[in-house]
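Visitor: Below you'll find the structure I mean.
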Amino acid sequence: MAGSETRDRLTADVYDIPRRRAFVELGDDDLARLAALRPLAEAHIDRLVDDFYELLLGQPDTRRFFPDAHVIERVKRSQRAYFLGLFDGKVDEAYVDDRLRVGAVHERIGLAPKWYLGAYRRQLRLLLDLLFSGVPDPVEARAAFASLQKLVFFDMTLAIDAYIVARDDALERHQTALRELSTPVIRVHHGVLLLPLVGTVDSLRAEQVMDTVLVRIVEEQARVLILDIAGVPVVDTRVAEHLLQTTQAVRLLGCEAILTGISAHVARTLVQLGVEIATMPTRARLAEGIELALAIVGKRIAPAGAGAGSAAEHAGPDGAGRA
Amino acid sequence: MRPVEVGHRGGERAPRSTRLLGRHELPIACEADIVLVRRKARSLAQAYGFDAFATAAITTAASELARNCWVHGGGGAAVVEELYDGTRHGLAMEFRDTGPGIGDVEWALAGGHSTTRSLGLGLSGSRRLVDEFALETARGEGTTVRIVKWKRF
């Protein structure tokens, strides 16, 4: 349930009910006053809910969230429970859970805060009408509305917090997915791995890249790792440091590191920064790096038909005689 | 704040009246903001027609100083200014934080020293990448670094 997930994240803050209540000045007298009005609310609940959905169904920005009669029936039922909940006379953890769930659901379906916060306005007006028509004494009606307003604002602060937490969670999940996507370690040849670094190397990613690479080197028994930085837009001292550390760790595993993909302006910038990366073999282009890597593992790229390749021997003009 | 070091290269320092053509203030409140700052620096450098070397220098210096602001200063803000001095366009960038300040500026600017086990070349390196470099710092009050890169003809 969305509410319990949210609950894990924000227990300390969100469930500090006394502090939240104090800020909107929601006292026990307010809750008692509202509880006494529950019969009135129950008597008019259907009209309240219908009036409220008249707004949501009449506006194109919110209409699209209610595709069919079935959905409308369901949301009206929960709205009914919500309205009546205002007259329960208690604000406990279950109450907070329920309000948090509302915010999280809105985030999940993509209903923007501007619309659902805006909808509270209609809700307050409907409740104002209810109280002033149903409570004979205007002073009492006014007091009841003031209490109700406190509780509704208490709800709004919870809904918005839940929305933010749900949004943060989504962002974090996306970032994790992106980090994993962006660490492809490619096997170029037996014993030769290629790590193309792309985009921003932040601290988290630097660590993750290092871990992934070291594990793969051991798995593949790699002897050479090519680090290609052609896709890194800014090579600053943080990136340089990451490259140097990776190289050191890689060497401890008995693997050689080659740096490729250095453009002219990156070379010059690195020199001006005072970064010393001469300790690792470097090549401007990836192709040259691959040639060097193959040379280290005792292989080379040869033109087809040349050298001692078996294909040339078998397919030669007089190849048939040799078989 | 007490100015403790002002250094510049590339001729006289804004002797003519320098006009401000644009100003952008960007917060540095998380690591990802460093990327936004240097993207802004890069797009402005490209828009003003800085060559590839100068663009890399501006972007890299922005990256270094924004990172310092975040790592050492606990965050702050970057202000990027588009300048015109009558003949040349320039980009000024100011990085402000309210961190602990730099105790020994000479030591920090000499390069190769670090308080965070990094390479320690960010500050000294950025200084070599730009035309003007000014640093103000005070213990317990924070650090402000202002750099300017002028476009060559």
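Visitor: Give the number of residues within the range B:79-91 that are under 18 Å from B:Arg38 (Cα atoms) and surrounded by fewer than 17 Cβ atoms within 10 Å (Cβ to Cβ).
Guide: 1
Okay, residues lined up against (1) modelled with pLDDT of 90 or more; (2) of a type in the set (A, V, I, L, M, F, W, C); (3) buried (at least 16 other Cβ atoms within 10 Å of the Cβ):
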{"site": "B:Arg2", "(1), (2), (3)": "no, no, no"}
{"site": "B:Pro27", "(1), (2), (3)": "yes, no, no"}
{"site": "B:Arg39", "(1), (2), (3)": "yes, no, yes"}
{"site": "B:Gly49", "(1), (2), (3)": "yes, no, no"}
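Visitor: Quick check on this structure: which one of A:Val201, A:Val235 is in contact (Cβ under 8 Å) with a residue 40 or more places away in the chain, within 11 Å of chain B (Cβ to nearest Cβ) and in a loop (DSSP other than H, G, I, E, B)? If you could, list the steps in order and put the result at the bottom.
Guide: Working: A:Val235 fails: in contact (Cβ under 8 Å) with a residue 40 or more places away in the chain.
Exactly one of A:Val201, A:Val235 is in contact (Cβ under 8 Å) with a residue 40 or more places away in the chain, within 11 Å of chain B (Cβ to nearest Cβ) and in a loop (DSSP other than H, G, I, E, B), namely A:Val201.
Visitor: Another one. If you take the residues of the range A:268-287 that are within 19 Å of A:Val198 (Cα to Cα), free of Cβ contacts under 8 Å to residues at least 60 places away in the same chain and surrounded by 14 or more Cβ atoms within 10 Å (Cβ to Cβ), which of them is nearest to the other protein chains (Cβ to nearest Cβ)?
Guide: Within the range A:268-287, the subset within 19 Å of A:Val198 (Cα to Cα) is A:269-270, A:282-287.
Next cut, free of Cβ contacts under 8 Å to residues at least 60 places away in the same chain only: A:269-270, A:282-285, A:287.
Still in the list and also surrounded by 14 or more Cβ atoms within 10 Å (Cβ to Cβ): A:269-270, A:282-284.
Details: A:Thr269: 5, A:Leu270: 9, A:Thr282: 17, A:Arg283: 20, A:Ala284: 15 Å.
Going through the qualifying residues, I end up with A:Thr269.
Visitor: Moving to a separate point now. Of the conditions (1) closer than 27 Å to B:Ala54 by Cβ; (2) outside any loop (DSSP other than H, G, I, E, B); (3) within 14 Å of another protein chain (Cβ to nearest Cβ); (4) among the aliphatic types (A, V, I, L, M), A:Leu227 fails just one. Which one is it?
Guide: Evaluating A:Leu227 over (1) closer than 27 Å to B:Ala54 by Cβ; (2) outside any loop (DSSP other than H, G, I, E, B); (3) within 14 Å of another protein chain (Cβ to nearest Cβ); (4) among the aliphatic types (A, V, I, L, M) leaves (3) as the failure.
Visitor: For B:Val145, work out the one condition from (1) closer than 19 Å to B:Arg19 by Cα; (2) surrounded by 17 or more Cβ atoms within 10 Å (Cβ to Cβ) it doesn't fulfil.
Guide: (1)
Visitor: Can A:Val91 be described as in contact (Cβ under 8 Å) with a residue 40 or more places away in the chain and under 16 Å from A:Leu151 (Cα atoms)? Don't jump to the end; show me each part of the working.
Guide: Working: in contact (Cβ under 8 Å) with a residue 40 or more places away in the chain: yes; under 16 Å from A:Leu151 (Cα atoms): yes.
The answer is yes for A:Val91.
Visitor: Check whether at least one residue in the range B:126-134 is under 15 Å from A:Gln272 (Cα atoms) and either among the small types (Gly, Ala, Ser) or over 16 Å from the mean Cα position of the chain (by Cα) (or both), and report yes or no.
Guide: Yes.
Visitor: B:Val148 is checked against (1) within 29 Å of B:Phe50 (Cβ to Cβ); (2) within 12 Å of chain A (Cβ to nearest Cβ); (3) among the β-branched types (Val, Ile, Thr) and fails just one. What number does that condition carry?
Guide: Looking at each condition in turn, B:Val148 falls short on (2).
Visitor: Please note which strands (runs of 3 or more DSSP E) are completely contained in the range B:12-113 and include at least 3 residues that are of a type in the set (D, E, K, R) and either within 14 Å of chain A (Cβ to nearest Cβ) or in contact with a strand residue (DSSP E or B) (Cβ under 6 Å, 6 or more places away or on another chain) (or both).
Guide: Details: elements: B:19-28, B:76-84, B:89-97.
Fully inside the range B:12-113 and qualifying: B:19-28, B:89-97.
Visitor: Check off (1) within 18 Å of the chain's Cα centre (by Cα); (2) free of Cβ contacts under 8 Å to residues at least 40 places away in the same chain for A:Ser78 and give me the number that stays unchecked.
Guide: Only one criterion in (1) within 18 Å of the chain's Cα centre (by Cα); (2) free of Cβ contacts under 8 Å to residues at least 40 places away in the same chain is unmet by A:Ser78, namely (1).
Visitor: Looking at A:Leu204, A:Leu252, A:Leu214, A:Leu193, which one is in the same structural domain as A:Leu294 (by TED's automatic domain parsing), out of contact with any Gly (no Cβ under 8 Å at 6 or more places or on another chain) and under 30 Å from B:Thr55 (Cβ atoms)? Step through it out loud before you land on a result.
Guide: On the way: A:Leu252 fails: under 30 Å from B:Thr55 (Cβ atoms); A:Leu214 fails: under 30 Å from B:Thr55 (Cβ atoms); A:Leu193 fails: under 30 Å from B:Thr55 (Cβ atoms).
Exactly one of A:Leu204, A:Leu252, A:Leu214, A:Leu193 is in the same structural domain as A:Leu294 (by TED's automatic domain parsing), out of contact with any Gly (no Cβ under 8 Å at 6 or more places or on another chain) and under 30 Å from B:Thr55 (Cβ atoms), namely A:Leu204.
Visitor: Go through the range A:83-96 and give me each residue that's under 31 Å from the mean Cα position of the chain (by Cα) and surrounded by fewer than 19 Cβ atoms within 10 Å (Cβ to Cβ).
Guide: Step one: filter the range A:83-96 for residues under 31 Å from the mean Cα position of the chain (by Cα), giving A:92-96.
Of everything in the range A:83-96, those that are under 31 Å from the mean Cα position of the chain (by Cα) and surrounded by fewer than 19 Cβ atoms within 10 Å (Cβ to Cβ) turn out to be A:Asp92, A:Glu93, A:Ala94, A:Tyr95.
Visitor: Cβ-Cβ distance below 9 Å, separation of 6 or more or different chains: which pairs start in the range B:49-69 with a residue that is at positive phi and end on one that is surrounded by fewer than 24 Cβ atoms within 10 Å (Cβ to Cβ)?
Guide: So the pair list comes out as B:Gly49/B:His89; B:Gly49/B:Lys151.
Visitor: Considering only the range B:58-78, I want to know if a residue exists there that is surrounded by fewer than 16 Cβ atoms within 10 Å (Cβ to Cβ), over 18 Å from A:Ala240 (Cα atoms) and touching an Asp or Glu at 6+ places or on another chain (Cβ under 8 Å). Quick ask: steps written out before the conclusion?
Guide: Going residue by residue through the range B:58-78, those that are surrounded by fewer than 16 Cβ atoms within 10 Å (Cβ to Cβ) are B:74.
Okay, now just the ones that are also over 18 Å from A:Ala240 (Cα atoms), so B:74.
Retained after the next criterion (residues that are touching an Asp or Glu at 6+ places or on another chain (Cβ under 8 Å)): B:74.
Taking every residue of the range B:58-78 in turn, at least one turns out to be surrounded by fewer than 16 Cβ atoms within 10 Å (Cβ to Cβ), over 18 Å from A:Ala240 (Cα atoms) and touching an Asp or Glu at 6+ places or on another chain (Cβ under 8 Å).
Visitor: Another question, then. Would you say A:Ile262 is within 14 Å of chain B (Cβ to nearest Cβ) and not in a loop (DSSP other than H, G, I, E, B)?
Guide: No, not satisfied.
Visitor: Still on this structure: Test A:Ala177 against the stated conditions and say whether it is in a helix (DSSP H, G or I), under 30 Å from A:Ile229 (Cα atoms) and at pLDDT below 85.
Guide: Working: in a helix (DSSP H, G or I): yes; under 30 Å from A:Ile229 (Cα atoms): yes; at pLDDT below 85: yes.
So A:Ala177 fits the description; yes.
Visitor: To continue, here is another question. When the range A:203-239 is examined, which residues are found to be touching a His at 6+ places or on another chain (Cβ under 8 Å) and either surrounded by fewer than 16 Cβ atoms within 10 Å (Cβ to Cβ) or of a type in the set (Gly, Ala, Ser) (or both)?
Guide: Scanning the range A:203-239 gives a single hit, A:Ala206.
Visitor: Tell me the residue from A:Val105, A:Val71 that is in contact (Cβ under 8 Å) with a residue 12 or more places away in the chain, of a type in the set (Val, Ile, Thr), in the same structural domain as A:Ala170 (by TED's automatic domain parsing) and on the phi < 0 side of the Ramachandran plot, please. Explain how you work it out, then say what you get.
Guide: Details: A:Val71 fails: in contact (Cβ under 8 Å) with a residue 12 or more places away in the chain.
It is A:Val105.
Visitor: Just checking, does the range A:112-135 include any residue being within 25 Å of A:Leu171 (Cβ to Cβ), part of a loop (DSSP other than H, G, I, E, B) and in the same structural domain as A:Leu57 (by TED's automatic domain parsing)?
Guide: yes
The values are calculated or read from the model by the stated rules, or taken from the named source; none is laboratory data. Not measured: the values here are computed from a predicted model. Ideal geometry is used to build each Cβ from the backbone, glycine not excepted, and the neighbour counts take in all protein chains shown.
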